[in-house]
Amino acid sequence: VVKNPNYWRKGLPYLDEITFRPIPDAQVRLASVRSGEVQLMITSDPQSIIAARKDSGIRIREEKTDEPGFLMINTAREPLNDVRLRKALVLATDRKMLNDLLGGGIPELATGPWSKGSKWYSPSGWPEKPDYAAARKLVEEYKAEKGLSGPVKIDFEDVPGPTARQGEDLLKTMWEKAGFSVSIKSVEQTQHINNALLGNYGIVTWRQFGSADPDYDYIWWHSSTAKPIGQLALNFARNTDPQIDAALDAARRTSDDAERKRQYGIVARRFAEDVPYLWGSFTIWGIVSQPKVAGLFDGTTPDGAKLPPIHAGEVLLTQAWLRR
């Protein structure tokens, strides 16, 4: 992109041009900043953030968010349309072990859609630790009712990445302890999203939500946006729960934040009961740059008011400049 000579704010932008380079591999991306091949990168990869913190030759600015990473479960597709199996998956997942392996232990574990620092947070009743015996009991109960023998077959979809295989293998090991047989496939991001839209999945890795106001997430959670498999749906998990609908609608009808928090607390607790999402951890964004990059976090409005330095991994480049 090149500088617009007729930009609406006089004297801006400072830079003559910016070249954007998509670099999928997180390690290569960080190495490119270290070498000076690129001057700036935005990342949510915890390992890159940990490495950048230790490198005095580059700079990092971090932002903690209420955007959770999680496993999304298709509640409309067999066999995971049975809530007992979804709860068994939760009880068979050691989230701390996963977080330590993939995130270096730095992100906050999620027990619902809002972090403990959020004004909307309330306890959800989400299990804090795995319980393999309880997980196996639920699986055996399901099998006895259905007249099944052998492990319960489920499929898990992920996108390619340096740490994806590690997470896949660990989850497979955990879930098989509970009596599941896990089929894993890796698909590119575009197909991954299309599969979620159409409901062509069993379990997928996902990251979403965390809006500034919870009402913005209404369309992802309300039963009215859940459609049958094969039809486009914004409620990707296809979770239909009258109690969640009632709470979302009640929160939408009031401007009293205390009452809204109470209603969103119902939503968080119902998610723990319905288990359309197996919560992971909250996203940390890092803006990593060469020391010569300046002005990234000094953005102002035309009247001089300070702008937020980072929002959901986004940083304004209008007032960025390079030291010589």
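The values are calculated or read from the model by the stated rules, or taken from the named source; none is laboratory data. Not measured: the values here are computed from a predicted model. Cβ placement follows ideal geometry from the backbone for every residue including glycine, while neighbour counts extend to all protein chains displayed. Quick note on the areas: whole protein, heavy atoms, side chains included, nothing else; ligands and nucleic acids left out. Shrake-Rupley method; radii C 1.70, N 1.55, O 1.52, S 1.80 Å.
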Practice prompt. Compute the Rg to Rh ratio over the chain from the alpha carbon atoms, using the Kirkwood formula for Rh, and round to two decimal places.
Written response: 1.01
Practice prompt. Give the accessible area for LEU171 in Å² (nearest 10); use a 1.4 Å probe, count only protein heavy atoms, and leave out ligands, DNA and RNA.
Written response: 10
Worksheet item: Rounded to the nearest 5, what % of the DSSP beta bridges within the chain are antiparallel ones?
Response: 75
Worksheet item: Can you give the accessible area of MET41 in Å² (nearest 10), computed on protein heavy atoms with a 1.4 Å probe?
Response: 10
Discussion item. Tell me the angle of helix 257-274 to the major Cα principal axis of the chain, expressed in degrees between 0 and 90 and rounded to the nearest ten.
Written reply: 50
Fill in: Potential extension, VAL159-GLU17 segment - 0.36 nm per residue separation minus Cα distance
47.9 nm
Practice prompt. For GLN231 and ALA250, calculate 0.36 nm times their separation in residues minus their Cα-Cα distance, and state this gained length in nm to one decimal.
Written response: 4.1 nm
Worksheet entry | Net lengthening on full extension, SER224/ASP25 (0.36 nm per residue, minus Cα-Cα) | 67.8 nm
Worksheet entry | For a label point 7 Å along the Cα-to-beta-carbon line of LYS3, residues of segment 280-299 with backbone N under 20 Å | 292-299
Discussion item. What is the angle, in °, between the Cα long axis of helix 164-177 and the longest principal axis of the Cα atoms in the chain? Nearest 10 is fine, range 0 to 90.
Written reply: 20
Worksheet item: Under a straight-distance cross-link criterion of Cα-Cα below 18 Å, which aspartates and glutamates are reachable from LYS64, leaving out those fewer than 8 residues away in the same chain?
Response: ASP45, ASP100, GLU108, ASP213, GLU314
Worksheet item: What do you get when you divide the Cα radius of gyration of segment 175-308 by 2.2 N^0.38 Å, with N the number of residues?
Response: 1.38
Worksheet item: Can you tell me the accessible area per residue over the chain, all protein chains present, probe 1.4 angstrom, in square angstrom?
Response: 51
Worksheet, complete the sentence: Over the chain, the sum of -39500 (n - 2.57) across DSSP H runs of at least four, divided by residue number and rounded to 500 deg cm²/dmol, gives at 222 nm -10000 deg cm²/dmol
Worksheet, complete the sentence: Rounded to a whole %, the carbon-and-sulfur portion of the accessible area of the chain at a 1.4 Å probe is 52
Worksheet item: Between the helical axis of 189-198 and the dominant principal axis of the chain, each derived from Cα atoms, what acute angle in degrees is found, rounded to the nearest 10?
Response: 40
Item to complete: Run the quick spin-label model on LEU307 and SER211: label points 7 Å from Cα toward the beta carbon, then report their separation in nm to one decimal.
Response: 2.3
